[in-house]
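Asker: This is the structure I want to talk about, given as structure tokens.
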Amino acid sequence: MQESSDNPSWLLEQAVRSFHKEHYKRGRWLCWMELRRNPNGYFTSCSYAVSLYLSGRHNDRKAASLCDRAIESNPAHSLAHAGLGGTHYSNALRIHREYSIFPGGSWVVFADEKPPEDSENKNKISVMGYADSQVGNRKIAVRELEEAAGLASDRDDRVQLLDMAAEAHCIINNEDGIGAYKKILHIAPDYVPTHFHLADCYAAIYCLHKQSPPTSYCGEHSSGNDKLAVKEYKFIRENAPELASDSESVLANFDIDICK
């Protein structure tokens with residue numbers, strides 16, 4: 001997102017330029033200087049949080065704390081929500097990739113993540129699970145990214161934020177992921193990445209049900225997912241042929257015949 005203060009200070013202007021040039025250390029120093037001058041400024045807190053995030057994973061907890069503080073001061077602006085959600089999102093994806101190769105591994109590391117409502121209660125004492133210790137809470141990522149999307153004025157920003165939220169949804173549950181991706185299509189019906197991911201979600205659910213047929217109602221998408229996956233593949237083939245072979249490979253991995 002490119003939102004910033006209408007009248008940024010010289011320090012913040014230079015910090016943003018440093019970020020664009022990937023001079024993160026200098027950008028962080030400039031943000032720190034501005035934070036000393038303006039400790040309660042919304043954009044100052046957001047900019048310093050960005051500088052910490054860009055400086056390495058070991059700074060993510062402090063970056064998230066700054067975003068929390070900025071949200072408290074101005075909950076109606078999208079930037080801090082996007083920063084907090086984006087930090088949790090990127091770490092949740094990393095954790096999922098690192099542990100999903102082990103049987104049940106991904107589920108275990110997320111099993112004790114803190115509910116988003118608990119994160120608002122600063123006085124509540126609870127044991128911190130692995131995902132929260134890594135600033136990779138999937139549910140906080142979803143909540144904050146969707147909140148940021150609702151507050152964003154630019155359509156492309158909204159789509160990007162909802163796309164990230166949908167990906168985090170999919171780590172939790174592909175059914176929820178499908179619903180999240182459909183929200184994007186209400187805004188941008190021809191957004192190809194969403195159709196690509198929908199084909200993947202439908203294919204994954206089809207494969208799961210094929211291996212363990214449901215004995216009761218399992219949601220809106222519990223049947224016919226192979227046909228829905230093929231439908232999304234055909235959209236990709238017609239609208240983004242350069243991605244058709246990738247989508248075809250995804251469906252083939254789930255034993256779905258694209259000729260259906």
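Asker: Given the conditions (1) at pLDDT 90 or above; (2) surrounded by fewer than 18 Cβ atoms within 10 Å (Cβ to Cβ), and given that HIS20 satisfies all but one, which numbered condition is not satisfied?
Answerer: It is condition (1) that HIS20 fails.
Asker: Could you list all residues from the range 153-167 that are in a helix (DSSP H, G or I) and either touching an Asp or Glu at 6+ places or on another chain (Cβ under 9 Å) or of a type outside the set (D, E, K, R) (or both)?
Answerer: Residues satisfying the conditions are ASP157, VAL159, GLN160, LEU161, LEU162, MET164, ALA165, ALA166.
Asker: Continuing with this model, one more query. Here's a check for you: in the range 5-34, which residue that is more than 19 Å from ALA63 (Cβ to Cβ) and without any contact (Cβ under 8 Å) to a residue 24 or more places away in the chain is farthest from the chain's Cα centre (by Cα)?
Answerer: Among those residues, the one meeting the criterion is TRP10.
Asker: Restricting attention to the range 44-66, which residues are crowded, with 24+ Cβ neighbours inside 10 Å and of a type in the set (Phe, Trp, Tyr)?
Answerer: Across the range 44-66, the qualifying residue is only TYR48.
Asker: Looking only at the range 160-194, count every residue that is of a type in the set (Gly, Ala, Ser) and farther than 26 Å from VAL108 by Cα and tell me the total.
Answerer: 1
Asker: Can you tell me which residues in the range 105-152 are polar (S, T, N, Q), modelled with pLDDT of 90 or more and either in contact with a Leu (Cβ under 7 Å, 6 or more places away or on another chain) or not in a helix (DSSP H, G or I) (or both)?
Answerer: GLN134, ASN137
Asker: Also, I was wondering about something else. What are the pairs with Cβ atoms under 8 angstrom where one residue, in the range 67-81, is of a type in the set (Val, Ile, Thr) and the other, located anywhere, is assigned to a helix (DSSP H, G or I)? Sequence gap at least six, or different chains.
Answerer: Once the first residue is of a type in the set (Val, Ile, Thr) and sits in the range 67-81, its partners that are assigned to a helix (DSSP H, G or I) give ILE71/ALA80; ILE71/HIS81; ILE71/LEU84.
Asker: Among the residues of the range 58-113, how many are basic (Lys, Arg) and more than 30 Å from CYS31 (Cα to Cα)?
Answerer: 1
Asker: Here's a follow-up. Which residues, taken from the range 222-258, are buried (at least 19 other Cβ atoms within 10 Å of the Cβ) and acidic (Asp, Glu)?
Answerer: Matches in the range 222-258: ASP226, GLU232.
The values are calculated or read from the model by the stated rules, or taken from the named source; none is laboratory data. Remember, predicted model here, so these are calculated numbers, not experimental data. FYI the Cβ positions are ideal-geometry reconstructions off the backbone, even for glycines, and counts take in every protein chain you see.
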